[in-house]
Amino acid sequence: MFLTFPIMVIKVNTIENIVVWRWKNLFIVGIGVFLLSFVWRYLIKRKEVGKKKAEAGELVKPPITQRVLKEPKFYIPALIAVAVFAIAFPFVFSMYQTNIMVTALIYVVISLGLNIVVGLAGLLDLGYVAFYAVGAYTYALLNYHFGLGFWTVLPIGAAMGFLFGVLLGFPVLRLRGDYLAIVTLGFGEIIRLILENWNEFSFGPSGIANIPRPGLFGIQMSLHSSIIYLYFLMIGLTLFTIFVVNRLQDSRIGRAWIALREDEIACQAMGIDKTKTKLTAFALGATWAGMGGVVFAAKTTFINPASFTIWESIIILCVVVIGGMGSIIGVIIGALILILLPEYLRAFSEYRMLIFGAVLVVMMVFRPGGIISDVRRIYRFEERETTA
Amino acid sequence: MCGGSTGLKNAKQQHNAMEPILEVKTLTMDFGGLRALDSLDLAVYQNEIVALIGPNGAGKTTFFNCITGLFPPTKGEMLIAPPGKKPTKLNGLKPNIVTANGLARTFQNIRLFPNMTVLENVMIGRHCRLSSGILGAAFRNRATVLEEEKVVEESYAMLKKIGLDAFVNDFAKNLPYGAQRRLEIARAMATDPFLLLLDEPAAGMNLQETRELDELIVRIRDEEGISILLIEHDMKLVMSLSDRIFVVDYGKKIAQGTPAEIQNNPAVIKAYLGEEIDA
Amino acid sequence: MEYFLELFLSGLIRGSIYALIALGYTMVYGIIELINFAHGEIYMIGAFTALIVASVLTMLGWNQIAIILLASVVAVIYSSAYGYTVEKIAYQPLRGAPRLSALISAIGMSLFLQNYVLLAQTSDFMPFPSLIPEFKFMESYEHIISSPEIVILATTTLVMIFLAFLIKFTRMGKAMRATAQDREMAMLVGVDVDRIISFTFIIGSATAALGGVLIASHIGQINFYIGFLAGIKAFVAAVLGGIGSIPGAVVGSLVLGWTESFFTGYVSSDYEDVFAFLFLVFILIFRPSGIMGRAETEKV
Amino acid sequence: MMKNHFGKLFVMAILVFFAGSLMYSCGESQKPAEPAKKAEAPAPKAMEPIKIGVAGPHSGDLASYGIPTVKAAELVVEKINGKCGVNGRKIKLIIEDDVCKPEVATNTATKVVGEGVHAVIGHICSGATKAALGIYKESKIAAISPSATNPALTQSGDYPNFFRTIASDDAQAKLEVDFALDVLKLKNIAVLHDKGDYGKGLAEFAKSFLEKDSRAKVVLYEGITPGAVDYSAVVQKIKRSNAEAVIFGGYHPEASKIVAQMRKKKMDTIFISDDGVKDDTFIKVAGKYAEGVYATGPMDTSSNPMAIEAIAAHKKKYGSDPGAFFLNAYAATLALLNAIDKSCSTDYDDIVNALRTEFVATPLGILRFDERGDAIGVGFSIYQVQNGVYVEIK
């Protein structure tokens, strides 16, 4: 396996009419790779052993994360700690920290939205960012033309997301799996390209500047306090999202989504309208993206189509998968990690995207189910049943 | 629904007076050049247990798929008439509408929702009988809460009936094989059908399980008043359960009649000889 | 009419370029149902390898034919090695895991390789020597179709024929088809599935590298990012043709190339990609498995 | 490395409280919850270093536009710190990456603001600059960009705190159009762009200037897809439009592809482009096809002694020729430090005022900024590729 590695290395030289041989690089990378391959093999072996154990013993202890999450003794204090930390955060940490936390929270919200589509309903959507763009442009344009404020546009943005979800959802829902993925990717690109080309409508690639931050009853706020305000607004929106998504998951519709993911044919045979269910998943997911987009526009105060490329969709998808599909806590953790990681990796400057890519691979290889896997809602009916 | 009509075995005599609850006329289904079903006629009457048998590949499952709306048939007419209602045409209806009209099925290869709990599986079956929408789900208004409670109770009651109440909160994928088959029946029953289509319910079951299944099917018919159309290879089960039997081979109906008539039908024996020595 | 022909040719060239990349995509997809996001990166690495080899050889004063042959061979070998390694590291451990996990792993690999080349070779565009000689006999037709374009067309055709032959008639090809149909069954009848998958990656990477060399020398410049954009387009082409099918990939690529070319020529290149994607959506609505893809009915 | 970084966060967190409250005392808006008493100006402030933020793309695909600016700032600061700094205070650079993305730029901006910078050199891309400027404006921090050419930045009047040492896109477009009409006397012109912020903006201006003038007409106006594998369809279209010249707004990778394909099709259409193409990489990539191409670029100041000195310093320290916008960034840094020096203050109003009134000698010539923030005395000229190098025309 690592016979191929030295080959990788020799090509580390640069060409510009002159050839620079960088043997030193070869040496360093060679040694690094040699050591890494040992670690790699060891970890793979350990994983294999774990797998075998799981196959041999019928009942494997649920992973520690799961046990912690199930045990009220643990999770109640943990919840309180998180709450305290969340409230104290903007006062303890700097404006910069608060600002990136706002970004991370936006991603939490939209990732939870995508989680409905991908995690629950099992529809692979690679063009999710389109709805995010719809939300952002809704706010920017309504504000520019009609001077509408943040709070007015937030529900409008959500509605626009929903509308576009339905519009784009209709033609594609016949498709399955990867065909769906590529068509959604196409739609994502179409929306971006239209924004880029249709100058009269969207101001083209130069974007829209001077989008106001959210106001609080017209009070003028300084930058720092408005960021703190935005932070708490996002905390609120995140809680609202968690609340709603959690309930949706527990509802008749949520069950239909999961059933759809598990087995489409059986799902239909059980009387579930496939098209309608898919469409609701698609549209509801888009709704959160629309809302997230409004907040995004308000936060950056400037938007242009370059913020809504396919990479953005991919990152959001990574959040959902890395966090653990279908698991709300997993997605939240995933969003925090994936969005904050590149920021904290700033110290590694040019190496950070390299590390980011490697982290994705390593995470998937060793935890293919995501950080929080298999946390699925368990109905607890025993008590009620005995009384019933 | 009318539960306990007693004259079960002589149900056949009453047919002539009654309308069939499922009537299929000249049903034909082509896959490319292959004719899987060849102008098949079939009728099921209320409170009957009807079996559809035939060698492997005879088109039995295709028949189910056509009635339940998974495949659009090439030709033919399919009508259902829920007890006390006017007949409706099934042609062109989507599977979920067929189910909503009171036809429920199970699958030859078990198709449960493996990562959902047993209870949830049954709750999915209730889906089309419920009405709460997105907003209700998000904000839990009173109607939704009540509905949810009702669903849980009904589903649990259903599990009890089928004898799966011990597994309520287990993942469907962790159930023993026989229990998975029964769960599929429970899930189908949860959709409130008047006719239950069972696709090889006894496949892979041991003797004990098969006997329990036999009792269960009879009980479903007697207590719930649900008629049953089943595909089965276990001839002992077929013979003891069925009121009437249809035999198909190469997509054609080669015989129909009571178990006794079928057992002695030369065409059936010919079709089965060398193919399967099951009976 | 002449304008039409020119656009037709331009679309044909574009399509052949897409096809060279799409072939590898479709092969890998056919066998493990994975959208190999890193495929575009393999193509990019092929181009870089060729660039390095060609530059070194040029300095050593070799003649052009030798350079292009050696550069292509080395690029193919390197890229195959990369393809093989990528599969071993990022995909093989994920067999049996949810398909999305493998997809994310592929995305991670793509990011990693991009930045790896970025760090090793800077982000600037680098001039790529036109390796393909201008044929003498072509001189009077150069304004219609140039020699590199002819070479690209010919290579695409050859590669396609070669792959079709490989898959239809060789032992390896049969094993590949068996694996694609039903991996477990293939394993039961004694096919070494891991080896087959590795082999597919190697072949797919080799075609990508060939594409990389030819296309880079046609365009005349490369940087670390070329793989991603070309990869997306090639993937769209593969899906359009019916993913998993080798002739489908070629047909899809050509159709995509023509669509873009004619739309640009007769309407506007502003919305060229919008139209290409709309066309894809349109086709998939009427043929949900692509132009050449077989409609799959799931067994119930 | 990592650990170090986290340690810095804590220090920063404390610092920011001071910095943040300082800001309140400056701003007209007071938030009641934040007591102003924290703002008691720390006495030893005078001896603290002057902090200058440097923001731009330092990683990713556009890094090659951002890194030269960092180097320029470092060179200037090194030199000035060697001479006891400004007003006796040392200068400290806070260098942050924005990858040229607006959403990252806001994080970058809050980060440098949080570090308590007194002014910022940057950002590099216009989009990122716009996103960040809102934050600087509210924090009362001046920003000087060496490269953001979007006209709205200065012409909209939205950003009183913005300055730049480069001329705006419309000036470039005007120059290109005038050159095409007055010097080349062309009648039919095709305008192309790369759909990007910079290229499309420029092309729009060129088109509107051409339309206002009756001497020539725009026979084709199109956007091409950046990064596409081939542009032969567009090239065919140019050919059919009978354009004598193409004015292209965009960067060199696409330009070289189009030029090469035009020349291969035996078209001798004149190619006029912009600053994004006036880059030696273009000539290297396009090779023989580059010959005769026109491009606008900052006025040639290579004979300016300061420019010679700056380039020499770069060569000495980094062993290579400086990259894009190096001299602009060098000039920006000098202008900023000069303003701080002349006003004897690091207050926003004083810096801005000094930038507008005080002339400063830079590698781009002696300049000051006008009311809108554009540098007076910085302009463009036309270059042509002749024998493999860009030569200034006129």
Can you find even one residue in segment C:197-219 that is over 19 Å from C:Val74 (Cα atoms), within 11 Å of chain D (Cβ to nearest Cβ) and in contact with a Lys or Arg (Cβ under 8 Å, 6 or more places away or on another chain)? yes
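In this structure, is D:Ile121 away from every other protein chain (no Cβ under 11 Å) and under 14 Å from the mean Cα position of the chain (by Cα)? Lay out the reasoning, then the answer.
Details: away from every other protein chain (no Cβ under 11 Å): yes; under 14 Å from the mean Cα position of the chain (by Cα): yes.
Answer is yes for this residue.
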Helices (runs of 4 or more DSSP H) lying entirely in segment C:188-300 (those with 3 or more residues that are under 18 Å from C:Ala47 (Cβ atoms)): C:193-219, C:226-241
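Here's the yes/no breakdown for (1) within 11 Å of another protein chain (Cβ to nearest Cβ); (2) at pLDDT 75 or above:
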| position | (1), (2) |
| --- | --- |
| D:Phe6 | yes, no |
| D:Val11 | yes, no |
| D:Ile50 | no, yes |
| D:Asp97 | yes, yes |
Can you tell me which of D:Lys264, D:Lys212 is surrounded by fewer than 19 Cβ atoms within 10 Å (Cβ to Cβ) and assigned by TED's automatic domain parsing to the domain that holds D:Val191? D:Lys212
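Out of all the residues in segment D:304-320, is one or more over 30 Å from D:Ile50 (Cβ atoms), not aliphatic (A, V, I, L, M) and not in a strand (DSSP E or B)? Reasoning before the result, please.
If we filter segment D:304-320 for residues that are over 30 Å from D:Ile50 (Cβ atoms), which is where we start, we get none.
No.
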Which one of these is part of a loop (DSSP other than H, G, I, E, B) and open to solvent by less than 10 Å² (accessible area, probe 1.4 Å): D:Val277, D:Val259? D:Val277
Top-ranked residue in segment D:238-256 [being at negative phi and open to solvent by 20 Å² or more (accessible area, probe 1.4 Å); ranked as nearest to the other protein chains (Cβ to nearest Cβ)]: D:Arg240
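Taking into account only those residues within segment C:44-61 that are in contact with a Leu (Cβ under 8 Å, 6 or more places away or on another chain) and more than 10 Å from chain A (Cβ to nearest Cβ), which is modelled with the lowest pLDDT?
Only one residue tops the list, namely C:Leu57.
Take the residues of segment C:225-245 that are among the β-branched types (Val, Ile, Thr) and open to solvent by less than 20 Å² (accessible area, probe 1.4 Å): which is nearest to the other protein chains (Cβ to nearest Cβ)? Explain how you work it out, then say what you get.
In the first step, residues of segment C:225-245 are kept if they are among the β-branched types (Val, Ile, Thr); the result is C:226, C:232, C:236, C:239, C:243.
After this cut, where a residue has to be open to solvent by less than 20 Å² (accessible area, probe 1.4 Å) as well, the list is C:236, C:239.
On the way: C:Val236: 6, C:Val239: 5 Å.
In this case the residue turns out to be C:Val239.
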If you check every pair at least six apart or on different chains, which have Cβ atoms under 6 Å apart with a residue in segment C:75-102 that is more than 9 Å from every other protein chain (Cβ to nearest Cβ) first and a residue that is part of a helix (DSSP H, G or I) and open to solvent by 40 Å² or more (accessible area, probe 1.4 Å) second? C:Ser80/C:Ile202; C:Gly83/C:Ile202
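With the structure loaded, tell me whether B:Met235 is open to solvent by 10 Å² or more (accessible area, probe 1.4 Å) and either without any contact (Cβ under 8 Å) to a residue 12 or more places away in the chain or not aromatic (Phe, Trp, Tyr) (or both) or whether it fails that test. Reasoning before the result, please.
Working: open to solvent by 10 Å² or more (accessible area, probe 1.4 Å): yes; either without any contact (Cβ under 8 Å) to a residue 12 or more places away in the chain or not aromatic (Phe, Trp, Tyr) (or both): yes.
When the stated conditions are applied, B:Met235 passes them.
To keep it simple, each residue is scored yes or no on (1) outside the structural domain of A:Phe243 (by TED's automatic domain parsing); (2) in contact with a strand residue (DSSP E or B) (Cβ under 7 Å, 6 or more places away or on another chain); (3) hydrophobic (A, V, I, L, M, F, W, C); (4) open to solvent by 30 Å² or more (accessible area, probe 1.4 Å).
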position: A:Asn99; (1), (2), (3), (4): no, no, no, no
position: A:Val102; (1), (2), (3), (4): no, no, yes, no
position: A:Val108; (1), (2), (3), (4): no, no, yes, no
position: A:Leu114; (1), (2), (3), (4): no, no, yes, no
position: A:Tyr139; (1), (2), (3), (4): no, no, no, no
position: A:Tyr144; (1), (2), (3), (4): no, yes, no, yes
position: A:Phe162; (1), (2), (3), (4): no, no, yes, yes
position: A:Val166; (1), (2), (3), (4): no, no, yes, yes
Suppose the filter is within 17 Å of the chain's Cα centre (by Cα), among the hydroxyl-bearing types (Ser, Thr, Tyr) and more than 14 Å from chain C (Cβ to nearest Cβ); does A:Tyr128 pass it? no
Limited to segment D:48-77, what total is found for residues that are of a type in the set (A, V, I, L, M) and either without any contact (Cβ under 8 Å) to a residue 24 or more places away in the chain or assigned to a helix (DSSP H, G or I) (or both)? 8
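What number of residues within segment D:269-279 satisfy the criterion of being closer than 21 Å to C:His218 by Cα and modelled with pLDDT of 85 or more? Full working, then the answer.
The first filter runs over segment D:269-279 and keeps only residues closer than 21 Å to C:His218 by Cα, leaving D:269, D:271, D:277.
From the residues that got through so far, the ones that are modelled with pLDDT of 85 or more too are D:269, D:271.
Qualifying residue count, segment D:269-279: 2.
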From the option list B:Arg126, B:Arg105, single residue qualifying as open to solvent by 10 Å² or more (accessible area, probe 1.4 Å), charged (D, E, K, R) and touching a residue at least 24 places away in the same chain (Cβ under 8 Å) is B:Arg126
Complete set of residues in segment B:1-50 that are modelled with pLDDT under 80, more than 19 Å from B:Gly84 (Cα to Cα) and open to solvent by less than 60 Å² (accessible area, probe 1.4 Å): B:Gly7, B:Leu8
Read through the list (1) open to solvent by less than 50 Å² (accessible area, probe 1.4 Å); (2) among the hydroxyl-bearing types (Ser, Thr, Tyr); (3) within 24 Å of D:Leu93 (Cα to Cα), then give the number of the only condition that D:Tyr318 fails. (1)
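Residue under question is A:Val172, and the condition is that it be without any contact (Cβ under 8 Å) to a residue 24 or more places away in the chain and open to solvent by less than 20 Å² (accessible area, probe 1.4 Å); does it hold? It would help to see each step written out before you state the result.
Details: without any contact (Cβ under 8 Å) to a residue 24 or more places away in the chain: yes; open to solvent by less than 20 Å² (accessible area, probe 1.4 Å): yes.
For A:Val172, the condition - without any contact (Cβ under 8 Å) to a residue 24 or more places away in the chain and open to solvent by less than 20 Å² (accessible area, probe 1.4 Å) - is met.
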Hey, any hits in segment C:277-297 for a residue that's open to solvent by less than 50 Å² (accessible area, probe 1.4 Å), under 30 Å from D:Leu62 (Cβ atoms) and within 7 Å of another protein chain (Cβ to nearest Cβ)? yes
Restricting attention to segment D:78-87, which residues are assigned to a loop (DSSP other than H, G, I, E, B) and without any contact (Cβ under 8 Å) to a residue 40 or more places away in the chain? D:Lys83, D:Cys84, D:Gly85
For segment C:21-76, how many residues meet the condition of being touching a helix residue (DSSP H, G or I) at 6+ places or on another chain (Cβ under 8 Å), part of a helix (DSSP H, G or I) and not small (Gly, Ala, Ser)? 26
Between a residue in segment A:179-208 that is more than 17 Å from A:Gly290 (Cα to Cα) and any residue that is part of a strand (DSSP E or B) and among the small types (Gly, Ala, Ser), which pairs come within a Cβ distance under 8 Å, given they are 6 or more apart or on different chains? A:Asn197/D:Gly223
Conditions (1) within 22 Å of D:Lys90 (Cα to Cα); (2) open to solvent by 70 Å² or more (accessible area, probe 1.4 Å); number of the one not met by D:Glu392: (1)
Within segment A:244-261, which residues are surrounded by 21 or more Cβ atoms within 10 Å (Cβ to Cβ) and either under 14 Å from B:Arg187 (Cα atoms) or among the acidic types (Asp, Glu) (or both)? A:Arg255, A:Ala256, A:Ala259
Could you say whether any residue in segment B:176-195 is over 26 Å from B:Pro95 (Cβ atoms), buried (at least 19 other Cβ atoms within 10 Å of the Cβ), in contact (Cβ under 8 Å) with a residue 24 or more places away in the chain and touching a helix residue (DSSP H, G or I) at 6+ places or on another chain (Cβ under 7 Å)? no
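The values are calculated or read from the model by the stated rules, or taken from the named source; none is laboratory data. The structure displayed is predicted, hence computed values, not measured ones. Cβ: placed from backbone, ideal geometry, glycine included. Neighbour counts: every protein chain shown. We work out accessible area using only protein heavy atoms, side chains counted, and drop any ligands, DNA or RNA first. Shrake-Rupley method; radii C 1.70, N 1.55, O 1.52, S 1.80 Å.
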